[in-house]
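**Q** Got a structure for you, questions after.
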Amino acid sequence: LRVDSVLANLRRLLNSRHGVARTRTDYGIPDLTEVVHSFPEAIGQMRAAIHVAIEKYEPRLRRVNVRSVETPDDPLSLRFEITAELVSSDEHASVWFETRIDPSGEVELRA
């Protein structure tokens, strides 16, 4: 399934940190420890970084929107909803993903 392939790519992308790929130093997202000191602005910075990474490194998605989601029951994690249009030669479909960035910086992603 095409969504599964996109999901796998997004997991790799969002669990990679800037600088990990020598030829593409902007691949991935910033390390959470780089932005955590600037809360609550860090939420917007991380949201923007996720958006830029997806726009640049997942060409099968268009009209990407990343929105932060408040989680009072899990205040140490950041959550984001990603909506986009999945584009292929024969179809266009809306997709939705939920991300959770835990305090260690690991990104969980599910469709």
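The values are calculated or read from the model by the stated rules, or taken from the named source; none is laboratory data. Values in this document were obtained by computation on a predicted structure and should not be read as measured data. Positions of Cβ are backbone-derived with ideal geometry, glycine not excepted, and every protein chain shown enters the neighbour counts. We work out accessible area using only protein heavy atoms, side chains counted, and drop any ligands, DNA or RNA first. Shrake-Rupley method; radii C 1.70, N 1.55, O 1.52, S 1.80 Å.
**Q** With only alpha-carbon pairs counted, each pair once and no self-pairs, how large is the Kirkwood hydrodynamic radius of the chain in angstroms?
**A** So the Kirkwood estimate lands at 14.3 Å.
**Q** Starting from the Cα of ARG2, step 7 Å along the direction of its Cβ; do the same at ARG24; then give the gap between the two resulting points in nm.
**A** Computed distance between label sites ARG2 and ARG24 equals 2.0 nm.
**Q** Could you give the accessible area per residue of the chain, probe 1.4 Å, as a whole number in Å²?
**A** Value returned for the chain: 59 Å² of accessible area per residue.
**Q** For the chain, take the longest principal axis of its alpha carbons; what is the angle in degrees between that and the long axis of helix 41-57, to the nearest 10 within 0 to 90?
**A** That helix lies at roughly 30 degrees to the long axis.
**Q** Step through the residues of the stretch 66-77 one at a time and calculate ³J(HN,Hα) from phi using the Karplus curve (6.51 cos²θ - 1.76 cosθ + 1.60, θ = phi - 60°), rounding each to whole Hz and writing x for Gly and Pro.
**A** Rounded to whole hertz, the list is 10, 10, 6, 10, 6, 9, x, 7, 9, x, 8, 10.
**Q** Just grab the label-to-label distance for ARG17 and ALA111, each label 7 Å out from Cα along the Cβ direction, in nm (one decimal).
**A** If labels sit at ARG17 and ALA111, their model points lie 2.9 nm apart.
**Q** Sticking with this one: Calculate what fraction, in whole %, of the accessible area of the chain sits on carbon and sulfur atoms when a 1.4 Å probe is rolled over the protein chains. Present the calculation step by step, with values, prior to reporting the outcome.
**A** Working: 3310 of 6590 Å².
Carbon and sulfur: 50 percent of the exposed surface of the chain.
**Q** Describe numerically, in nm with one decimal, the distance between label points set 7 Å from Cα along Cα→Cβ at PHE39 and at ARG79.
**A** It works out to 1.6 nm between the two label points.
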